[in-house]
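Have a look at the structure below, then the notes.
The values are calculated or read from the model by the stated rules, or taken from the named source; none is laboratory data. Since the model is a prediction, treat every value here as computed from it, not as a measurement. A quick note on method: Cβ atoms are made from the backbone with ideal geometry, for glycine too, and the neighbour counts reach across all protein chains shown. Side chains included, ligands, DNA and RNA excluded: accessible areas come from the protein's heavy atoms. Shrake-Rupley method; radii C 1.70, N 1.55, O 1.52, S 1.80 Å.
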Amino acid sequence: MKNALFVFALTLAVDLSAQTRNPITAEQALERLKAGNKRFVEGKTIHPRQSPERVREVAKGQKPYAIIVGCADSRVPNEIIFDEGLGDLFIVRTAGQVSAAASFGSIEFAEAVLGANLIVVLGHTECGAVAAACNYQKPVPGHIITLVNAIKPAAMRVEQLLKAGQIKQEDFVNATVRENVRTQVEQLRTLEPILANAVRTGEVKIVGAVYNLATGVVEFLPETLNP
Ligand SMILES: [Zn+2]
């Protein structure tokens, strides 16, 4: 059994080392996402790579050029807001884009095995999970508490700004959306062993962004673009 495990680990190691990076660099990926979102906002979408031919093409394998870690909110469908198609984006979505072990494994797989060079943590304005965390004194049922607990540290930091009069009450949720994204970017950048190492070697770039529900615009947070 021990021997079998060793062979499995070895095979995995060989597979990981044999992977090839996506030819689209992080900077090019960022420009491509911005261009797609611009088409979406201006009503000029081209719905690329969504044909039956594309279905057959990607059946042979995938090489997504970016990883999106986004909220599960039905109003933020990633391929639509970036005007992309099949095989373009590797997307991990949970409410409040809260990550735990299964999400981390999925992101690591897309980075290390599929070779994507850009990871975008994508929050959005008026996020329900973030609003629940801003209201953390109020009990929530079931596993929803997992989301609240994960976002709560960001909400508490913003609450201090609120108490100090540095932000207005009506901006509490959206300021926390941004703080939550910044926190999650940092969490992924320091996630050992795969992502932290990929960040150190410059193999991957991890940035934060916020989608505006009212306008459709994705704003990439400048403070996360040049760490
Ligand atoms: Zn949300």
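General remarks:
- Residue that is open to solvent by less than 60 Å² (accessible area, probe 1.4 Å) and farther than 30 Å from ARG39 by Cβ, where the choices are VAL185, VAL218, VAL207, VAL148: VAL148
- Count of residues meeting criterion [without any contact (Cβ under 8 Å) to a residue 60 or more places away in the chain and out of contact with any Pro (no Cβ under 9 Å at 6 or more places or on another chain)] in the stretch 74-96: 10
- Sole residue being among the basic types (Lys, Arg) and in contact (Cβ under 8 Å) with a residue 24 or more places away in the chain, chosen from ARG189, ARG157, ARG200: ARG189
- Flag if GLU219 is touching a Phe, Trp or Tyr at 6+ places or on another chain (Cβ under 9 Å) and either without any contact (Cβ under 8 Å) to a residue 60 or more places away in the chain or not in a loop (DSSP other than H, G, I, E, B) (or both): yes
- Considering the stretch 103-124, the residues that are open to solvent by less than 10 Å² (accessible area, probe 1.4 Å) and not in a strand (DSSP E or B) include one that is nearest to VAL92 (Cα to Cα), namely ILE107.
- Output for the stretch 1-49, where each listed residue is part of a loop (DSSP other than H, G, I, E, B) and modelled with pLDDT under 90: MET1, GLN19
- Reported count of residues in the stretch 63-109, each being acidic (Asp, Glu) and within 15 Å of the ligand (Cβ to nearest atom), is 1.
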